[in-house]
Every structure is written in C-alpha cells, then in structure tokens.
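Written out below as structure tokens is the structure these notes cover.
The values are calculated or read from the model by the stated rules, or taken from the named source; none is laboratory data. None of these values were measured; they are calculated from a predicted model. Here Cβ is always computed from backbone atoms with ideal geometry, including for glycine, and neighbour counts include all displayed protein chains. SASA here: full protein model, heavy atoms, side chains in, ligands and nucleic acids out. Shrake-Rupley method; radii C 1.70, N 1.55, O 1.52, S 1.80 Å.
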Amino acid sequence: MEQTEEPVELVERVCALDIGKASVMACVRVPHKDHPGRRRQEIREYATRVPALLELADWLRSQSVQLVAMEATSSYWKPAFYLLEAEGFTCWLLNAKHVKNVPGRPKTDKLDAVWLAKVVERGMCRPSLVHPKPIRHLRDLTRYRRSLIRERTREKQRVEQLLEDAQIKLSSVISDIFGVSGRQMLQALIAGQRDPKALAQLARASMRSKIATLEEALTGHFDDHHGFLCQLMLERIDAATAKIDQVTAEIDRVIGPFAHQVAQLDAITGVGMVAAQELIAEIGVEMGRFPTAAHLASWAKFAPIDHQSAGTKKRGATGRGNPWLAGTLGEIVAAVARTDTFLGERYRRLARRRGKHRAIVAVGNSVLTIVWHLLADPQARYQDLGPDFYWSKVNQRRRERDLVRQLEYLTGKKVVLQPRPEQPAA
C-alpha cells in the first residue's frame, strides 16, 4: 500500500466557538484525567461584549486551551477573533462550507460548537487566511477607496443619462465629459446658457477641432429641471473625489513600511501604484503563507481545477474567490492586454483560441505568479520576456511545416522548399 505523508495529530486542548451577533457558544474539549484516550468537554455561553469575551479568555486560559476555532459568520467573528488573538491564543477562522454538519443531525448552537470542536481537534479542516493588523488596516482603506470610486462612477453615469434625457449628446463627442472642457459646458448649462454655439466655444485644446460637431451635440431641450438635478449630481461627484483624495493620502501613509514591495509590484507591466497597493492589501507581503505561487493562484481562484469522472475530463470552474482581488486583477489584465509585452501577447494568444474570459483568468494567474516571486524574494526584480517569447520557443521545423500546409491550403498547389542561393561575395 502507498504510504501517506499526512501526520496523525490530535489537538489535546481545543475550543470551538459558535458565534452569533449577541452571544457566543464555546465548547472546550480536553483529555480526560481518569480515562486515558477519552475526552472531556464543557459548553458555556457568553455575550459578545468585551467584558464577557474577557471572561471567556480567562476561562480558556484556565483550561490551557491550545487552539481556538470559529466559523466565519458574517462580520460577527471579528470581535472574538481579534480579542482572543490579542490575548495570546492561536485562533483559526474556518470556512463554514468546510465544516458543515452531517445532514440529518439536529442543529442547535451547542451541537454546532461540539461538532466544530471535534472537527478541529482531529485536524479535519484548514484555517482561512487572516492578515495581521497592519495589512487589515490597509485593506480597509483600499476597499473603501474602491467603493468610493464605484459610487462616483455611478453618479457620473447618472449625469450622462440625464444629458441623454435632455437630448444633449455630449458623451458621443467627448470621451470624458467631466474633463476641463466638458465640466465648463455642464456648469454653463446649469447657469442657464442654452446657446449651442456659445457652449461649443468653451472647448479647449484639441477639442476645438470638434466645435461644429459640439454645436450639434449641445442642441437639445436642457431646462431648469435638468440643471437642478445636474448640479446635485456634480456636487456628489466632487464630494466623492475629495473623500477619495483623503483616503489615498491615508493609504500612502499607512503603506509606508511596505514601500519596497510596492515598488517591486509597480514595475510589473499593467500594475500601477494603486493596483500595487491593492494587491498588497489583499494578499499581504508574507508569502510564507503560500508555499508556492500555485497555492496563491489557487487561493485567489485563478487556477484551473481538475474535474474528472469515469475517466472523462470535464471543464471545471475556478470558483468564487476574493472579489476585491479579482477586480484588481481584471483591471491589470485589461491594461496589459493593450501593451506590446509578454503578458499582452499571452492574453491575445489565449483570447484568440479560448475566448476573453479564459484569457483573463490565465493572465491573472500569470500576474499572481509574478507577484508571488517578487514578494517572496526582496531582491527580485521584474523583467519582461518580450512579446516574441513564444515564437522563440516554437520548434522551427514544426513552424515551417505548419506554414507550408497553410500555403498549400490557400493555393491548392504543392509547395516545395529549396535552399536560398548563395549571394556572391562583394
């Protein structure tokens, strides 16, 4: 029989918490004093307020608990996890899907705590990734900034819809209606200017070549009703922009200790300063949590999954991972797809054969692989392989054969290759 490498270990003193909004059910399982090989358990209920959680910590300390485990229940797990972590306990956060109770059993808070304790003490689950406090603070800031950007984008879309309602086709002529020229035209409309020629004269720089088109686009029925709504929307956009700037300044301050890692990631094609900050906020800087780059890609759900049944391989979805990290990687891939680089060429090759969605996942996997190697080695530097990397690795004979077949298919003739005649020496 094949020998397995998994060690058989039993956590002697374990506590499992079934957490709710107002209360937490704690089950402690420890070895029995009088009966070796048997277990003894005790269940207590505590409130989720700080004084009660401190009492829980004292009880666990008196029982010499080695490990405290809890399910990731909404955001209710955070107070207990952070407090017990600060008290010196080793805490595990578990995915509820991985420790689901056996179907058919009655379900109560006490039984759930007992079941979770049994699963944990036998090593039948793995803890989820919980970042240290500095990374958690940075993640809160980057996520809030992205939320503000999304809210600002939605408000800009409302402005565009309002202009369409007033038959002002400004967005079909100007790429950014909130730029200098577009913003001046909007303010003039709000102030009561309705003359298309006067509005078109507000164009600046290269946009003045479109004055005739702008006059047609600005001919509509924009009235005071539209102006009132537009003013409110622009005020919300300006307020969101001010908040984004404030959050960005705080992110620049908090991320100071990780400036070297930010510079490493910023060198990757398609990864700017903002994306580098978001990557560090989501995956951290300690790559010891991920033994290999493949583990990082698998955790982020950007890795292919084998799905084999009855000797037949099927397509397996990657699953749903961290949506914030996926959004950042999607923006990176969208930026790199327009570049003449190794990653850009990789995206285009895969998009032609497998489609854009699979190409995004595959290139996102490559980006995560690069990120892992850079963060795992502080001395590593990113070096682009070039867009011709794949062509240099293709077997020349195979490439020659494929081209001959394509030419024969197009012409319907037999193609015979002959060596090029030697050129006379000059």
Residue ID - surrounded by the fewest Cβ atoms within 10 Å (Cβ to Cβ), chosen from residues in segment 53-63 that are touching a residue at least 12 places away in the same chain (Cβ under 8 Å) and in a helix (DSSP H, G or I)
61
Can you tell me which residue within segment 361-414, out of those that are among the polar types (S, T, N, Q), under 22 Å from residue 345 (Cα atoms) and assigned to a loop (DSSP other than H, G, I, E, B), is nearest to the chain's Cα centre (by Cα)?
383
Where a residue in segment 119-139 is within 20 Å of residue 30 (Cα to Cα) and its partner, wherever it lies, is assigned to a helix (DSSP H, G or I) and open to solvent by 60 Å² or more (accessible area, probe 1.4 Å), with Cβ under 6 Å and at least six apart
125/98
Taking segment 254-287 only, how many residues are outside any loop (DSSP other than H, G, I, E, B) and either open to solvent by less than 20 Å² (accessible area, probe 1.4 Å) or over 23 Å from residue 371 (Cβ atoms) (or both)?
13
Filtering segment 126-140 for residues that are in a helix (DSSP H, G or I) and open to solvent by 40 Å² or more (accessible area, probe 1.4 Å) leaves a count of 5
If a residue has to be buried (at least 17 other Cβ atoms within 10 Å of the Cβ) and more than 19 Å from the chain's Cα centre (by Cα) to count, how many in segment 340-360 make the cut?
7
Would you confirm whether any residue within segment 42-51 is surrounded by 15 or more Cβ atoms within 10 Å (Cβ to Cβ), of a type in the set (Phe, Trp, Tyr), in contact with a strand residue (DSSP E or B) (Cβ under 7 Å, 6 or more places away or on another chain) and assigned to a strand (DSSP E or B)?
yes
Just for segment 104-119: of the residues that are of a type in the set (Val, Ile, Thr) and out of contact with any helix residue (DSSP H, G or I) (no Cβ under 8 Å at 6 or more places or on another chain), which one is surrounded by the most Cβ atoms within 10 Å (Cβ to Cβ)?
114
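The rows are residues; the columns are (1) closer than 23 Å to residue 324 by Cα; (2) modelled with pLDDT of 85 or more.
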| position | (1), (2) |
| --- | --- |
| 366 | yes, yes |
| 372 | yes, yes |
| 383 | no, yes |
| 420 | no, no |
| 423 | no, no |
Would you mind stating whether residue 106 is in a loop (DSSP other than H, G, I, E, B) and under 30 Å from residue 255 (Cα atoms)?
no
Name every residue in segment 91-103 that is among the aliphatic types (A, V, I, L, M) and either crowded, with 17+ Cβ neighbours inside 10 Å or modelled with pLDDT of 90 or more (or both), in order of residue number.
93, 94, 99
Filter segment 175-211 down to the residues that are buried (at least 17 other Cβ atoms within 10 Å of the Cβ) and of a type in the set (Gly, Ala, Ser), then identify the one that is nearest to residue 228 (Cα to Cα).
188
Out of the residues in segment 150-174 meeting the condition of being in contact with a helix residue (DSSP H, G or I) (Cβ under 9 Å, 6 or more places away or on another chain) and open to solvent by 70 Å² or more (accessible area, probe 1.4 Å), tell me which one is nearest to residue 218 (Cα to Cα).
169
Residue pairs within 9 Å by beta carbon, gap of at least six or interchain, first lying in segment 70-95 and part of a strand (DSSP E or B), second open to solvent by 70 Å² or more (accessible area, probe 1.4 Å) and of a type outside the set (Ser, Thr, Tyr), listed first then second, are 90/66; 91/85; 92/126; 94/126
Within segment 225-238, how many residues turn out to be open to solvent by less than 50 Å² (accessible area, probe 1.4 Å) and either part of a loop (DSSP other than H, G, I, E, B) or of a type in the set (A, V, I, L, M, F, W, C) (or both)?
4
